[in-house]
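Worksheet for the structure shown next.
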Amino acid sequence: MTDLSTASPADGSDRYDKQFFGHPRGLSTLFFTEMWERFSYYGGRALLILFMTASIAEGGLGMDAATAAPIYGIYVAAVYLFAMPGGWIADRLIGQRNSVLWGGVLIAAGNFSLATPGLAFFYLGLILIVLGTGLLKPNVSAIVGDLYPEGGARRDAGFSIFYMGINIGAFIAPLIVGGLGEKVNWHLGFAAAGIGMVFGLIQYRYGFKFLGEAGALKDEARSSRSQALRMAGLGVAAVLAIAAVLYWLSSAGILNITIQGAAQATGVIILGVAVLFFASVLAFGHLESIEKKRVVVIFFLFIGAAIFWAGFEQAASSLNLFADQRTDRVLFGWEAPTTWLQSVNPLFIISMAPVFAWLWVWLGSRDPSIPVKFGLGLVLLGMGFFVVAWAATYTTPEMAESAALGVSPAWLIATYFLHTCGELCLSPVGLSSITKLSPPKYVGQMMGTWFLGAALGNLIAGLVAGYFDTLPLPGLFAWVAITVVVAGIFFFIFSRPINKLIGGRV
């Protein structure tokens with residue numbers, strides 16, 4: 001009889017291999033690790049801009065939206081950007097398994113730092129969470145893949161179960177972390193996010209025995225670790241040197257660095273890095289003609305994804321502020337926390353993802369092409385912003401009574417419903433398409449461009465939210481809606497040329 005406490009996939013044990021809904025027992029470990037990590041991230045994210053804009057008397061930081069939103073934008077952009085060096089550290093230095101462990105430790109420490117009063121602890125907490133998420137997020141998914149060396153449909157099903165853990169964590173986080181933060185104490189909310197990550201770490205470390213060799217550092221990486229350490233050291237030294245120079249220039253009054261300027265510069269750098277990467281691959285990548293055409297398609301998908309996330313990720317910035325300041329959340333005399341509305345999107349994802357998965361299969365040969373699905377995603381996102389723009393007209397000074405009371409949460413729920421439909425058209429399709437379209441030797445790097453697009457979109461979302469207090473909200477939301485709808489129409493119009501570049505269905 002096989003001892004399940006020591007079994008691994010290498011054992012060939014059918015009993016071991018079907019311990020979690022017919023999947024390897026290690027999937028359970030990774031499912032709950034990711035669930036608690038997303039609980040920690042989405043709980044803290046839901047509180048972040050509300051905490052920054054709350055008055056000092058209310059326990060917040062007393063920032064205006066023009067200052068808080070760019071900080072939020074830089075933070076969420078950095079979370080995605082650091083996934084790339086986090087993957088490199090795992091591949092070259094410590095392996096995916098240890099990267100997830102130490103990433104979780106940094107995330108927990110970051111949330112406990114946010115739970116400590118003081119501006120220095122606030123910024124330290126954000127930095128620690130960025131570093132920790134960069135280590136954990138890409139590598140926990142890589143370990144899931146390692147559990148299925150045979151690949152195939154079973155692996156896809158395993159990832160579907162794993163994805164459900166992400167959304168369960170995202171759903172319950174605002175209810176618990178947000179509720180505690182808003183109704184009791186901001187710092188208690190951040191502490192709850194940290195405690196959630198600790199729960200995840202405890203069960204992850206206990207579950208090491210179920211992972212077998214999944215996530216272990218490869219032998220070829222061990223042999224070149226000293227060279228990788230030198231490269232890492234040089235990289236860290238370069239970053240610290242640049243930071244020191246910028247600090248000196250700012251302290252000497254030579255360079256005036258504002259948070260808005262830093263956010264805008266970060267966006268330009270991200271876009272510049274992406275353009276240079278695609279140009280270098282096309283010029284020096286030694287690709288076949290069809291591969292070059294598909295790299296051009298991936299560039300278009302990168303732009304489309306960045307535009308989509310620039311709108312979608314306003315859920316935790318401008319739309320969160322709208323929920324806080326312009327929405328009537330009173331139920332039977334009790335005011336619901338603003339952050340609870342952040343649970344609407346993951347709830348829709350959990351309930352609707354199977355419907356969309358069935359829909360694409362049911363359509364069969366009529367299944368929309370990649371650019372058409374991107375167009376649908378962007379247009380649905382824009383429709384959601386038209387809804388909230390309409391709602392915002394009832395909160396203008398001319399609408400004195402409704403402006404004082406706030407609009408119904410139903411407006412935001414309708415907005416999030418349309419945004420979720422857009423996400424399900426674009427996000428899974430984008431991830432799958434990049435793996436299919438990428439030249440074999442560039443699959444990992446091309447997937448990195450998806451993170452770059454998400455980083456750029458999150459940053460733009462923060463910058464747009466910075467205008468919440470200065471621009472009329474109906475106009476601000478309508479401008480976002482028009483921008484993303486035009487982008488969606490672009491994908492519709494050019495779907496045939498893009499499909500020709502793809503070279504047929506993939």
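Observations, loosely collected:
- For the range 313-353, the Kirkwood estimate of the hydrodynamic radius, built from every pair of different alpha carbons, is 11.1 Å.
- Student exercise, the range 17-216 dipole from Lys, Arg, Asp, Glu Cβ charges, in Debye to nearest 20: 340 debye
- Whole-percent P(r), the range 370-506, all Cα pairs, 10 Å bins from 0: 12, 33, 31, 16, 7, 2, 0.
- Residue order, fewest to most beta carbons within 10 Å, for Val429, Val484, Val275: Val275, Val429, Val484
- Long-range Cα-Cα pairs in the chain (distance over 31 Å), rounded percent: 46 percent
- FRET E, pair Leu61, Ala238, Förster distance 35 Å, beta-carbon r, rounded to 0.05: 0.65
- Cα extents for the range 257-506 along the principal axes, largest to smallest and rounded to whole angstrom: 65, 52, 28.
- Dipole magnitude for the chain: computed about the Cα centre from +1 point charges on Lys and Arg Cβ and -1 point charges on Asp and Glu Cβ, it is near 1260 debye.
- Cα lying deepest toward the dipole's positive end in the chain, options Asn98, Leu229, Val330, charges on Cβ: Leu229
- Difference of contour (0.36 nm per residue) and Cα-Cα distance, Leu359 to Ala157: 71.0 nm
- In Hz, Karplus ³J(HN,Hα) per residue of the range 373-383 (6.51, -1.76, 1.60; θ = phi - 60°; x = Gly, Pro): 5, 4, x, 4, x, 5, 5, 5, 4, x, 4
- Cα-only Debye scattering, the range 352-445: base-10 log of I(q)/I(0) at q = 0.14 Å⁻¹: -0.65
- Distances between placed amide hydrogens fall under 5 Å for Phe20 paired with Arg25, all partners being 5 or more residues away or on another chain.
- Tally of Lys pairs whose C-alpha atoms are under 17 Å apart, taken over the chain, 8 or more apart or cross-chain: 10
- Taking the Cα centre of the range 319-392 as origin and assigning +1 to Lys and Arg Cβ atoms and -1 to Asp and Glu Cβ atoms, the resulting dipole is close to 200 debye.
- Cα centroids of the range 50-81 and the range 161-195: 18 Å apart.
- Low-density loop cleavage sites - GluC sites (Glu not before Pro) in the range 246-348, where at most 16 other Cβ are within 10 Å (DSSP): Glu288
- In angstrom, the C-alpha Rg and Dmax of the range 17-216 are 17.3, 58.
- FRET E, pair Glu335, Ser289, Förster distance 45 Å, beta-carbon r, rounded to 0.05: 0.15
- You can think of it this way: the chain between Lys441 and Lys183 has 87.8 nm of extra reach, that is 0.36 nm per residue less the Cα-Cα gap.
- Dipole axis of the chain (+1 Lys, Arg; -1 Asp, Glu on Cβ), positive-most option in Gly158, Ala77, Leu437: Leu437
- Relative contact order, percent, the chain [alpha-carbon distance under 8 Å, six or more residues apart]: 23 percent
- Shape metrics for the range 216-334, restricted to C-alpha atoms - Rg then Dmax, Å: 22.4, 67
- Look at Arg155, Arg230, Arg45 and count the other Cβ atoms within 10 Å of each Cβ; fewest to most, that gives Arg230, Arg155, Arg45.
- Spacing of the modelled spin labels on Leu431 and Tyr123, each 7 Å from Cα toward Cβ, amounts to 3.4 nm.
- Only Cα sites of the range 119-180 enter the Debye sum here, all with the same form factor; the resulting log10 I(q)/I(0) across q = 0.18, 0.26 1/Å is -0.84, -1.07, listed in q order.
- Along its three principal directions, the equivalent ellipsoid of the range 149-298 from the Cα gyration tensor extends over semi-axes of 34, 32, 21 Å, largest first.
- Scanning the chain for chymotrypsin sites (Phe, Trp or Tyr not before Pro) in DSSP loops with at most 12 neighbouring Cβ atoms within 10 Å leaves 22-331 as the longest stretch between them.
- Selection from Gly189, Phe122, Thr266, by position along the positive dipole direction of the chain (Cβ): Thr266
Here, each number is a calculation from the coordinates, and none is a lab measurement. On a predicted model such as this, the values are computed, not experimentally measured, just so you know. Glycine also receives a Cβ, built like all others from the backbone with ideal geometry; neighbour counts cover every protein chain displayed.
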